[in-house]
1. Can you pull out the residues in the stretch 9-24 that are outside any strand (DSSP E or B) and in contact with a helix residue (DSSP H, G or I) (Cβ under 8 Å, 6 or more places away or on another chain)?
2. Of all residues in the stretch 7-19, which are loosely packed, with under 14 Cβ neighbours inside 10 Å and either touching a residue at least 40 places away in the same chain (Cβ under 8 Å) or over 18 Å from T51 (Cβ atoms) (or both)?
3. Can you tell which of A30, A74 is out of contact with any His (no Cβ under 9 Å at 6 or more places or on another chain) and more than 16 Å from Y126 (Cβ to Cβ)?
4. So which residues in the stretch 30-74 are among the polar types (S, T, N, Q) and either closer than 19 Å to S94 by Cα or at pLDDT 95 or above (or both), if there are any at all?
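The values are calculated or read from the model by the stated rules, or taken from the named source; none is laboratory data. Since the structure is predicted, the reported quantities are computational estimates derived from the model, not experimental observations. Here the Cβ is made from the backbone with ideal geometry for all residues, glycine too, and neighbour counts use every protein chain on show.
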Amino acid sequence: MEAEIRRRLGLWESGSMLPFVVIDPNTGQAAGMTTYISIDANHRRVEIGSTWYAQRVQRTGLNTEAKLLLLGHAFDGLGCIAVEFRTHFMNQQSRRAIERLGAKLDGILRCHQVSPNGSFRDTCVYSVIASEWPAVRAHLEWQLNKRR
């Protein structure tokens, strides 16, 4: 974990990543991390990714709240026209979580990367575009309010 934090901070220093710690409001403890990556200021796009959560907070609404904040800042603060999410084709848990946020599947990049074991990774690319943001925001707020 320490090495991963150092890696992200190094990428932050180079301007290619903006990592965030996610704090569990019930305990005040770190519960995970998420990141703005693939920052493209010229084309007003950003990817939200490299997200990790402790098992104890998965499916609790914490991810929904964090993504609502990140999407809100991207669209309302930074003026992004699109926010992207990417995950491994085989990562069904991540794919369902991204879809619950309201992102739409743009496509699948086949044989997109070579994994450390030599296998090929197919990458699912999802996005929310600016015109969809008001409906996505309302849906995320509704999801958070129904949990209470």
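1. D24
2. G10, E13, S14, G15
3. One residue alone meets the criteria, A30.
4. T34, T35, S38, S50, T51, Q55, Q58, T60, N63, T64
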